[in-house]
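The values are calculated or read from the model by the stated rules, or taken from the named source; none is laboratory data. Not measured: the values here are computed from a predicted model. Reconstructed Cβ throughout: ideal geometry from the backbone, glycine too, with neighbour counts over all protein chains shown.
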Ligand code: NAI
């Protein structure tokens, strides 16, 4: 199989490395900057003998080279600078993402699309609209990353293995995300049995601020290692038809009482894309938080199109 990554920046190039070195697929890295994706591809190709895989990595500035991809990941666009919110990227990235989605679908009409560019939920909506794809085949990555951050902070607090912590974060990728603390466990033991409410709230706040914490530390750009890992999990679930149940930004058609908006909810992800949306029985406050989060995405969809 072949995966195209549009945007060979920090997230895109790290994702290319993950996909090739996990031996999942050949990769086409596309960017508008000339020479840069070609150089990265050559560098990754030169690591193959050491990393022991034989995947092809091609760098290009031309969509014709992406033809016949099974998956297209869009990471093109600007990342945040310190002090910026994801929404500040709205208009610039909207133009880039819509153009990328249209160009890519023209060359790979059967591909499944994963949007990564921020603000994530709005960009996924615009890409869905621009491509005319069914909602099964176009989605956004955010929840897998936000959940991994929440799990990390729980694991650090309790001094347990990160792999033993399971948690899910729903809602939009931003300050209004909805970490589901009551469902979070350490190997099946609810964290509510292990931590007091104030500590859990502190971890929830750190999760909401997880992207900004890294932007403030780095000063140039944002996180990319964990975002690339999170995206590779979605790519893997599709290519290996794993049907994993993951939080995915998807177009809602009445689920959770929400319509015509993209927001993160639990979905099963397999070779055809999103197999189904799982509707959890949310508490009143969780449901309200999800609706508030959806409302802000809706407002930004309107703003992006003004
Ligand atoms: P970066 O600046 O390192 O890379 C972006 C790349 O996009 C650059 O190489 C740039 O040349 C390219 N680009 C710009 N316009 C283009 C176009 N029209 N066609 C093709 N390529 C184009 O940024 P980074 O750190 O890789 O982040 C990429 C995006 O992903 C940002 O919007 C960032 O906010 C977002 N992001 C989203 C996450 C999520 O959880 N959904 C997590 C981390 C980042």
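In the range 69-103, which residue that is within 18 Å of residue 2 (Cα to Cα) and assigned to a helix (DSSP H, G or I) is farthest from the ligand (Cβ to nearest atom)? Filtering the range 69-103 for residues that are within 18 Å of residue 2 (Cα to Cα) and assigned to a helix (DSSP H, G or I), the one farthest from the ligand (Cβ to nearest atom) comes out as 101.
Scanning the range 104-125 for residues that are in contact (Cβ under 8 Å) with a residue 12 or more places away in the chain and away from the ligand (no atom under 13 Å from the Cβ) yields 105, 106, 107, 108, 110, 111, 112, 113, 125.
Would it be correct to say that residue 212 is buried (at least 21 other Cβ atoms within 10 Å of the Cβ), within 19 Å of residue 75 (Cα to Cα) and within 13 Å of the ligand (Cβ to nearest atom)? No: the conditions fail for residue 212. Would you check if there is a residue in the range 90-99 being at pLDDT 95 or above and either closer than 16 Å to residue 25 by Cβ or in contact with a strand residue (DSSP E or B) (Cβ under 9 Å, 6 or more places away or on another chain) (or both)? So far as the range 90-99 goes, yes, one or more of its residues are at pLDDT 95 or above and either closer than 16 Å to residue 25 by Cβ or in contact with a strand residue (DSSP E or B) (Cβ under 9 Å, 6 or more places away or on another chain) (or both).
Select from the range 1-43 the residues that are buried (at least 24 other Cβ atoms within 10 Å of the Cβ) and either more than 10 Å from the ligand (Cβ to nearest atom) or farther than 22 Å from residue 105 by Cα (or both) and list them in ascending order. Of everything in the range 1-43, those that are buried (at least 24 other Cβ atoms within 10 Å of the Cβ) and either more than 10 Å from the ligand (Cβ to nearest atom) or farther than 22 Å from residue 105 by Cα (or both) turn out to be 3, 4, 16, 19, 20, 27, 28. Taking the listed residues 237, 243, the one that is touching a helix residue (DSSP H, G or I) at 6+ places or on another chain (Cβ under 9 Å) and closer than 28 Å to residue 278 by Cα is 243, with no other qualifying. Counting only residues that are in contact with a helix residue (DSSP H, G or I) (Cβ under 8 Å, 6 or more places away or on another chain) and part of a loop (DSSP other than H, G, I, E, B), the range 196-227 holds 4 of them. Based on what the data block shows, is residue 55 more than 11 Å from the ligand (Cβ to nearest atom) and either surrounded by fewer than 24 Cβ atoms within 10 Å (Cβ to Cβ) or assigned to a helix (DSSP H, G or I) (or both)? Judged against the criteria, residue 55 is a match. Among the numbered conditions (1) out of contact with any strand residue (DSSP E or B) (no Cβ under 6 Å at 6 or more places or on another chain); (2) more than 30 Å from residue 72 (Cβ to Cβ); (3) surrounded by fewer than 17 Cβ atoms within 10 Å (Cβ to Cβ), the only one that residue 220 does not meet is (2). Checking the structure you have, find out if any residue of the range 261-284 is in a helix (DSSP H, G or I) and touching a strand residue (DSSP E or B) at 6+ places or on another chain (Cβ under 8 Å). Taking every residue of the range 261-284 in turn, none turns out to be in a helix (DSSP H, G or I) and touching a strand residue (DSSP E or B) at 6+ places or on another chain (Cβ under 8 Å).
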